[in-house]
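Have a look at the structure below before the remarks.
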Amino acid sequence: MSKSVTYEDRLRGFDWSIAERELEFREGEPLNIGWHCSDRICRQGKGDKPALLWEDHRGAEKRFTFDDVRQLSNTVAAFLQRLGVRPGERVCLFMDKIPELYIGFLGVLKMGGIVQPLFSAFGEDALLTRLENAQTTAIFTQRKHALKVRKILDKLPSLKHVVIVDAEPGKLQQREVAFDLERETRVDQFAVHATLRETPSVLHYTSGTTGMPKGAQHVHYSIVGQYLTSKWVLDLRDDDIYWCTADPGWVTGTSYGIIGPWSLGITQCVLDAGYSSERWYAFIQKHRVTVWYSAPTAIRLLMRDGTDVARRHDLSSLRHLASVGEPLNAEAVIWSEEAFGMPFHDTFWQTETGCIVITNFPGMKVKPGSMGRPFPGIEATVLDPRTYEPCASAGRVGLIALRPGWPSMIRAYWNNQTVYDSKFRNGWYLCGDRASIDQEGYFWFVGRDDDVINTGGHLVGPFEIESALLEHPAVAESAAVAKPDPVNMEVVKAFVALKPGHRGDDDLELEIMNFIRKKLSPLAMPQEIEFVDSLPKTRSGKIMRRVLRAREFNEPVGDLSTLMND
Ligand code: 6R9
């Protein structure tokens, strides 16, 4: 967005049809994210433009133009058709941040499949829950992760194909098939499945307080919101080099790590490596990154390493910085002005919203610590938690609520209408977060309104952890809650009551930690286990996580009488 176009200008006469027109979508006609992010860009004469500049931790590099992405995603789509995968079936992508993940994403969509991206660090239990729930037909994975799939294959009768993208000849096991993206004969022409605006596209699993993670079901029309927010909020322009640090196992990595930038024909770079301030700055310097979308945890790590490391690199290419996933503290905004000469712009949204909904628009005054104002076309407020009516006065803390109906909003939780319905009150969608709004309409984040743990921008559901803990032979019952952490904002802490005959010592603590890491993921692994005789419960027997959490944060416990009557 050029500096002369203000937030107020964008608000005036706003209509999502602005994006529909630019995407050349007409009501009733097919709309396919895979086609829109590759073929359409090539048709605009950008076939030779780099789409993906990829690098891994060893320094290996790959480059793909938009025409490469078009042809290779055709190749994936044709391969799935040959396997017999049908439109509407779920195809899981369970890979590190390798090119196959980004290109495969478009390929699945082109043949009409529903993409189910899953974080490659997930352990076998986390994987099983999600593949079982989605009744997934095929999974793309790498050799190093295939082991986890093999272990649960017997429990997954619907999973017909395990596609290994780096298979060793002669080493395939049952249901496995090799697919080498770069060695396959490229498919130049593919009849893209004629998906419509409401055809399901992406299934992202997300956690709540109760029950197992649920599949947030997006549709192809979500591109309308992702396109316009990428253009106006991330401020992406034709000659940008864009870097989104998120993994496509989470929604930021797909909405803004694939769909948003590629629907605009923007060159993006991907670093498939862990965090290191040296490597990150060197990456920005080398690729001349102009727009950078990251997360508060990463910014806190960069802060910890100091401005000197930043100064040793040429970061002059940077033009715009944005952040998502957790509250962006005022100190981080102020520090980024010092280190990079510009603030990180906060953006608030969720898996369910599909696109940014509250944000600091480029050019808009940034109030450090505030999330900014609603994106044009988004009606947002905070509701009184007792009446579910909008809070009458500025500064009152209430529940963040959005008026349903924007293009990228999920349409369902996979096979879970009850939980989906429970998200709405008085015609508002409830985000599950609390905030206040000031006199100027800026939103100030307060915290979550449930027991979900936000660790480094990743949501972890207590129920899934507690269920896994119960599988350990020594555990009688448990509660997983958030504990404050200087870098990750929150980490998981588990309170565990043991079965008779077990002693809660350091060895058992370590053993249980590892048990969870392997079953679920490193994110879900408790960083601390406190062995207790019993857990605080309501009269009806529900564990009062809120009491335990409050203790960790040194906060008042709140009204216990209502909890006791739950
Ligand atoms: C995109 C994404 C959503 C939850 C959300 C809230 C927290 C996200 C935030 C933020 C404070 C921000 N969250 N952005 N909290 N300030 N700018 O992160 O999706 O994984 O579904 O998480 O993350 O609690 O409800 P998801």
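The values are calculated or read from the model by the stated rules, or taken from the named source; none is laboratory data. What you see is a predicted model; the values in this text were computed from it and never measured. All Cβ positions, even for glycine, are placed from backbone atoms using ideal geometry, and neighbour counts span all protein chains on display.
Observations on the model:
- Restricting A524, A482, A468 to residues that are within 16 Å of the ligand (Cβ to nearest atom) and not in a strand (DSSP E or B) narrows the list to A524.
- The residues in segment 451-465 that are part of a strand (DSSP E or B) and closer than 12 Å to I516 by Cβ can be counted, and the count is 1.
- Cβ separations smaller than 9 Å between residues 6+ apart or across chains give the following pairs from segment 180-207 residues that are free of Cβ contacts under 8 Å to residues at least 60 places away in the same chain to residues that are assigned to a loop (DSSP other than H, G, I, E, B) and surrounded by 14 or more Cβ atoms within 10 Å (Cβ to Cβ): D180/V165; D180/D166; D180/A167.
- Members of segment 52-70 that are part of a helix (DSSP H, G or I) and either crowded, with 21+ Cβ neighbours inside 10 Å or of a type in the set (V, I, T) (or both): F66, D68, V69, R70
- When L172 is tested against the conditions (1) over 19 Å from V69 (Cα atoms); (2) assigned to a helix (DSSP H, G or I), the lone failure is (2).
- Residue check for Y442: under 29 Å from T129 (Cβ atoms) and among the aromatic types (F, W, Y): no
- Selected residue (only one of R26, R43 is closer than 14 Å to S263 by Cβ and without any contact (Cβ under 8 Å) to a residue 24 or more places away in the chain): R43
- Residues of segment 414-432 that turn out to be free of Cβ contacts under 8 Å to residues at least 60 places away in the same chain and within 14 Å of the ligand (Cβ to nearest atom), as a count: 1
- Segments classed as strands (runs of 3 or more DSSP E), wholly inside segment 334-435, with at least 3 members that are exposed (fewer than 15 other Cβ atoms within 10 Å of the Cβ), at positive phi and of a type in the set (K, R): none
- Positions within segment 34-51 being closer than 29 Å to G274 by Cα and surrounded by 22 or more Cβ atoms within 10 Å (Cβ to Cβ), in sequence order: G34, C37, S38, A51
- Condition check for I543: surrounded by 16 or more Cβ atoms within 10 Å (Cβ to Cβ) and modelled with pLDDT of 95 or more: no
- G363 in contact (Cβ under 8 Å) with a residue 40 or more places away in the chain and closer than 25 Å to V460 by Cα: no
- Residue check for P248: modelled with pLDDT under 95, within 16 Å of the ligand (Cβ to nearest atom) and either assigned to a loop (DSSP other than H, G, I, E, B) or closer than 22 Å to L109 by Cα (or both): no
- If you filter segment 436-445 down to residues that are farther than 18 Å from T387 by Cβ and part of a strand (DSSP E or B), you find that the one that is nearest to the ligand (Cβ to nearest atom) is F445.
- Checked against the criterion of being within 16 Å of the ligand (Cβ to nearest atom) and crowded, with 19+ Cβ neighbours inside 10 Å, segment 303-313 contains not a single residue that satisfies it.
- Yes/no for A191 being assigned by TED's automatic domain parsing to the domain that holds R26 and not in a loop (DSSP other than H, G, I, E, B): no
- Looking only at residues in segment 318-335 that are in contact with a helix residue (DSSP H, G or I) (Cβ under 7 Å, 6 or more places away or on another chain) and away from the ligand (no atom under 16 Å from the Cβ), the one that is nearest to T254 (Cα to Cα) is L318.
- K493 vs. criteria assigned to a strand (DSSP E or B) and modelled with pLDDT of 95 or more: yes
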